[in-house]
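Report on the structure given below.
A short reminder: the numbers here are calculations on the coordinates, not readings from a lab. Given the structure is predicted, the values throughout are model-derived calculations rather than measurements. Because the Cβ atoms are built from the backbone with ideal geometry, glycine has one as well, and the counts that use them run over all protein chains shown.
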Amino acid sequence: MKIAAVLPLLLAAVPANAFSPSHRPAFARTSPLHATVESPPKSKMKVPVFDEVCGTTGVSLTRFMDEVAMLNPELAELNSLFGAIGTACKAISNTVKRSQLPSSETLGYQGAVNIQGEDQKKLDLITNDLLKRALRFTGKLGVLASEEEDVPVDLIAEAEASPLSGSWAQSEIVVEQGEKFVAVFDPLDGSSNVDAGIPTGTIIGIYQYDEECILDEDCVGDECTEQEAKCLDNTLQSGTNLVAAAYCLYSSSTFFTLTLGNGVYMFTLDESIGEFVLSKPDVRIPEKSKIYSFNEANIDMWDAPMRSTVEKWRTGTGVSGARFSSRYIGSMVGDVHRTLLYGGVFGYPGDEKNPNGKLRLLYEGAPMSFIMEQAGGLSTTGTERVMNIKPEVVHQRVPMIMGSKDDVQELINAYTAAKK
């Protein structure tokens with residue numbers, strides 16, 4: 001599918017309707033803490049207030065965000081931001097569906113290699129461009145970081161490279177002032193599975209932009225570089241500073257799951273009307289389960305606490321006494337989506353070959369951990385809460401295990417016992 005056929009979707013204005021909300025007290029979520037870590041710092045944003053409209057199935061994403069904006073004026077600018085993200089996800093979903101057609105121009109590899117040393121598919125770059133353009137035209141962002149970008153980039157730069165030119169890595173970095181949010185995303189998680197028809201997804205995290213980021217127009221040479229680096233550090237924030245997180249899942253249906261720091265809400269795309277409608281309000285993950293999702297081919301390379309805990313789950317000798325089943329897709333969004341709905345433990349722990357695992361902290365680990373914790377689950381490296389870790393570089397990897405509270409806590413306890 002030609003990119004020109006998709007991009008007009010991103011230029012359509014998102015309607016902003018006003019509704020009169022019926023107020024009721026906010027219900028707050030408290031992120032579960034591990035016994036091995038200190039209490040996390042408070043987020044810069046207060047817990048938003050929701051009313052019954054936000055919990056009514058069938059409500060569109062547009063109206064849901066309108067209602068949130070009415071009740072929480074400090075989040076009003078997220079309205080257009082999530083409208084654009086929703087539109088981009090629809091376009092990406094359509095592109096992924098058509099990618100296997102003989103007439104599609106999204107098949108195969110681009111020939112470029114990203115910063116992680118991975119071959120970039122044309123589809124990776126196309127979806128990155130779709131999401132980047134959608135966010136750019138909201139006018140609400142200063143800086144973004146993406147899996148497909150070598151370094152953080154500005155959305156409002158005048159010159160844009162072609163999505164198929166492989167030249168995104170050389171994009172000029174310019175920081176715009178006065179923008180409120182920072183976006184981090186993985187445009188197409190699991191893209192290597194597209195050819196096999198396996199679910200893929202998009203992961204997005206939204207942070208506040210540092211209003212103290214000021215560039216001196218008269219700076220010269222290294223002075224400018226230092227100031228730019230400080231401003232670009234806006235992307236390097238711990239998960240505790242997330243204002244919102246979301247993922248889109250492209251599978252039997254197109255799902256849009258989000259959290260604004262007060263629960264998790266799951267929308268499903270109704271293609272007959274072209275709208276995401278609320279299908280599962282206030283998603284809560286079961287506290288215990290009998291499912292785990294790991295690449296067990298690496299079990300011999302895991303450390304002792306990780307290996308022994310999984311072996312106990314396999315044999316039914318763990319804390320719950322239940323014998324676990326293995327369910328592993330190999331696509332993070334698909335595995336986490338199933339885990340949220342049915343319970344279980346998903347993860348990619350460190351091993352002898354990849355001590356820090358393979359998942360990226362900034363745009364995979366932190367946003368998905370925020371969603372998991374808001375649904376009542378836990379997310380850990382085994383010894384540290386993922387949400388507490390401040391990345392030092394954009395593409396930093398982190399070992400990660402997330403899911404049902406009781407089961408993840410069992411793993412945390414195993415690491416604590418091993419340390420003692």
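With a Förster radius of 30 Å applied to the C-beta separation of residue 280 and residue 419, the computed FRET efficiency comes to 0.20.
Pairs from the list 90/132; 312/353; 358/420; 288/312; 288/390 with a Cα-Cα gap above 19 Å: 312/353; 358/420; 288/390.
Give the order of 348, 328 when sorted by the count of other beta carbons within 10 angstrom, beginning with the fewest. Walk me through the numbers on the way to the answer.
Numbers: 348 24, 328 16.
Fewest to most other Cβ atoms nearby, the residues stand as 328, 348.
Taking amide H positions as modeled 1.01 Å from N, with prolines and chain starts lacking one, the residues under 5 Å from residue 275 and 5 or more places away or on another chain are 270. Multiplying the residue separation of residue 328 and residue 103 by 0.36 nm and removing their Cα-Cα distance gives an extension gain of 77.8 nm. Separation of the stretch 261-287 and the stretch 315-335, taken as the distance between their Cα centroids, equals 24 angstrom.
Site pair residue 354 and residue 198 shows an inter-label distance of 1.2 nm when each label is modelled 7 Å from Cα along Cα→Cβ.
A crude spin-label estimate for the pair residue 383 and residue 315, with each label 7 Å from Cα along the Cβ direction, gives 2.6 nm. Label-to-label distance for residue 47 and residue 342 is 3.1 nm, based on points extended 7 Å past Cα in the beta-carbon direction.
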